Amino acid sequence: MDALAEDLELLPETRRALRHRIAVAQSEGRAPSVVAAVVRGGEVVWEGSRTSVEGHGPDGNVQYRIGSITKTFTAVLVLRLRDEGLLDLSDPLEKHLPGTGVGEVTIAQLLSHTGGLAAETPGAWWERSPAALRPELADVLGDEPFRSSPGSRFHYSNPGYTLLGSLVETLRGKPWEDVLRAEVLEPLGLDRTSGQPQAPHAGGWAVHPWADVMMPEPLEDLGLMAAAGQLWSTTKDLARFADFLLRGDERVLRAATVREMRAPAAPSDPGSADSGYGLGVQVATNGGRRLFGHGGSLPGFVAGLWLSEADDVAAVVLANCTSGLPPTTVAMDLVRIVADAEPRFPAPWRPFGEAERVPLELTGPWYWGTSPHALRLTYDGSLELGPVGATGRTARFRSEPDGTWTGLTGYYAGETLRAVRREDGSVSHLDLASFVFTREPYDAQAPVPGGVDPQGWRGIG
């Protein structure tokens, strides 16, 4: 076994803790079956299942319906269109999908559930009624589609993702599922993810809340609502998809775009300060750990897919019950069990290559006014800026071909850092989003906004 495989393989006590967690989930959640998987370092390192029928435990190849995890797949398609230059996220929907009656909503607002649209469709419960009741977008949106002004707040909207599915179909000229298969499922090798169930698949069940009996749930094709929740998948496929959401894949979306998906674009509802929403991805804090992913449910099924970027661990949980088992909680617990019991090995430190240019003149202490900061250059060519001996704004910066640096994290994300040089080529000061960083506090030789008192520093007279 090589060193990498040895690092990825879980310890027996960790594996037992994972088995115990899903056993408790299946028993307390009264689920006919539950199947789960954990991914670390891009590999499935654990799979487990629990069932009410002895000897019939599902494995990673059995399909379950995944509900709103479908939305993340739809968001990937929309961002592909953006990356190809076919749309901009700030575009109003009307520009690409005219005649909906809600055309002022932007594509970014639809992706982040900030478009102000209703949570559900008018009329019968769409998840348990025929799609024939909603043959047109007007039937999905109803006469009063808005619940708040676009952009004013987060409000989860299933019809909003129906609009995004129709947007994909309009710009591609093909059905949503065909586009998904060709542009995402096939490139990533997700051959057990589909719009309709394919054997072997689990049946969906409703479990009585006050008695240990159950009945089958109806299976409805969602029609126009497919882009919001139609898909069936397996833990093996979703494990592969989770790794894609962490690292990207040039055949589908580059790493920078999936990183953009994970960035919070909207807060959650008031009172839920530990959660938010990106572009087709839920964001949450659990036990001090930053997580992203998505939950899903449709009658007869619940699903959860959650990842920790810092720990490089993801977990998938699927169950065939309408309620009772909390898939997001269980998936987050599986991530926590692995991350806490077997912390990620840091990448080995290494220096710059011998032939690489190292701009040492940028490193070391700088002052924003009187606040000391340190600028550190790492071997991957990025800069790290942070306060010295105090709390404050920290950020990481990427080098650009023109000699500037672009903020990647924190307050300075997207902002430009420039090293301003004197006539002799030496660095005078740093300019960052209008802030001047100098080698000395309020350096009189640098263009400090507002100037520097000509008498300089002095005590009390």
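The values are calculated or read from the model by the stated rules, or taken from the named source; none is laboratory data. The structure displayed is predicted, hence computed values, not measured ones. Methodologically, a virtual Cβ is constructed for each residue, glycine included, from the backbone with ideal geometry; neighbour enumeration extends over all protein chains shown.
Figures for the structure shown
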{"read-out": "Residues satisfying the stated conditions in the stretch 121-149, i.e. more than 11 Å from Met225 (Cβ to Cβ) and part of a helix (DSSP H, G or I)", "value": "Arg128, Ala132, Ala138, Leu141"}
{"read-out": "Residue within the stretch 364-371 that is more than 22 Å from the chain's Cα centre (by Cα) and outside any strand (DSSP E or B) present", "value": "yes"}
{"read-out": "Residue match in the stretch 303-312 (condition: assigned by TED's automatic domain parsing to the domain that holds Lys71, without any contact (Cβ under 8 Å) to a residue 24 or more places away in the chain and either in contact with a strand residue (DSSP E or B) (Cβ under 9 Å, 6 or more places away or on another chain) or not basic (Lys, Arg) (or both))", "value": "no"}
{"read-out": "Residue within the stretch 331-340 that is assigned to a loop (DSSP other than H, G, I, E, B), touching a Ser or Thr at 6+ places or on another chain (Cβ under 9 Å) and surrounded by 14 or more Cβ atoms within 10 Å (Cβ to Cβ) present", "value": "no"}
{"read-out": "Given (1) surrounded by 11 or more Cβ atoms within 10 Å (Cβ to Cβ); (2) within 32 Å of the chain's Cα centre (by Cα), index of the condition Tyr442 fails", "value": "(2)"}
{"read-out": "Breaking point among (1) within 34 Å of the chain's Cα centre (by Cα); (2) not in a loop (DSSP other than H, G, I, E, B), for Asp380", "value": "(2)"}
{"read-out": "Selected residue [aliphatic (A, V, I, L, M), crowded, with 24+ Cβ neighbours inside 10 Å and within 26 Å of Pro197 (Cα to Cα)] from Val53, Val38", "value": "Val38"}
{"read-out": "Residue check, Leu18 assigned to a helix (DSSP H, G or I), crowded, with 17+ Cβ neighbours inside 10 Å, assigned by TED's automatic domain parsing to the domain that holds Leu141 and under 24 Å from the mean Cα position of the chain (by Cα)", "value": "yes"}
{"read-out": "The stretch 157-198, residues that are in a loop (DSSP other than H, G, I, E, B) and under 15 Å from Leu222 (Cα atoms)", "value": "Pro175, Gly195, Gln196, Pro197"}
{"read-out": "First in the stretch 430-445 and touching a residue at least 24 places away in the same chain (Cβ under 8 Å) and more than 16 Å from Ala395 (Cβ to Cβ), second anywhere and exposed (fewer than 12 other Cβ atoms within 10 Å of the Cβ) and among the β-branched types (Val, Ile, Thr), Cβ under 6 Å, 6 or more apart", "value": "Pro441/Thr370"}
{"read-out": "Residue under evaluation Arg439, criteria (1) farther than 30 Å from Glu9 by Cβ; (2) touching a Ser or Thr at 6+ places or on another chain (Cβ under 7 Å); (3) of a type in the set (D, E, K, R), criterion not met", "value": "(2)"}
{"read-out": "Ala256 being exposed (fewer than 14 other Cβ atoms within 10 Å of the Cβ) and either in a loop (DSSP other than H, G, I, E, B) or of a type in the set (Val, Ile, Thr) (or both)", "value": "no"}
{"read-out": "Residue list for the stretch 123-141, restricted to those being surrounded by fewer than 17 Cβ atoms within 10 Å (Cβ to Cβ) and more than 22 Å from Leu77 (Cβ to Cβ)", "value": "Gly123, Ala124, Trp125, Arg128, Ser129, Pro130, Ala132, Leu133, Pro135, Ala138"}
{"read-out": "Hits in the stretch 43-73 (condition: outside any helix (DSSP H, G or I), touching a Phe, Trp or Tyr at 6+ places or on another chain (Cβ under 9 Å) and basic (Lys, Arg))", "value": "Arg65"}
{"read-out": "Scope the stretch 389-404; condition more than 19 Å from Arg357 (Cα to Cα) and assigned to a loop (DSSP other than H, G, I, E, B); matching residues", "value": "Gly389, Ala390, Thr391, Gly392, Arg393, Thr394"}
{"read-out": "Residue match in the stretch 231-238 (condition: under 16 Å from the mean Cα position of the chain (by Cα) and assigned to a helix (DSSP H, G or I))", "value": "yes"}
{"read-out": "Candidate set: the stretch 415-461, residues that are assigned to a loop (DSSP other than H, G, I, E, B) and in contact with a strand residue (DSSP E or B) (Cβ under 6 Å, 6 or more places away or on another chain); chosen: the one farthest from Ser371 (Cα to Cα)", "value": "Arg422"}
{"read-out": "Options Ala284, Ala228: the member that is over 14 Å from the mean Cα position of the chain (by Cα) and either part of a strand (DSSP E or B) or under 21 Å from Glu169 (Cβ atoms) (or both)", "value": "Ala228"}
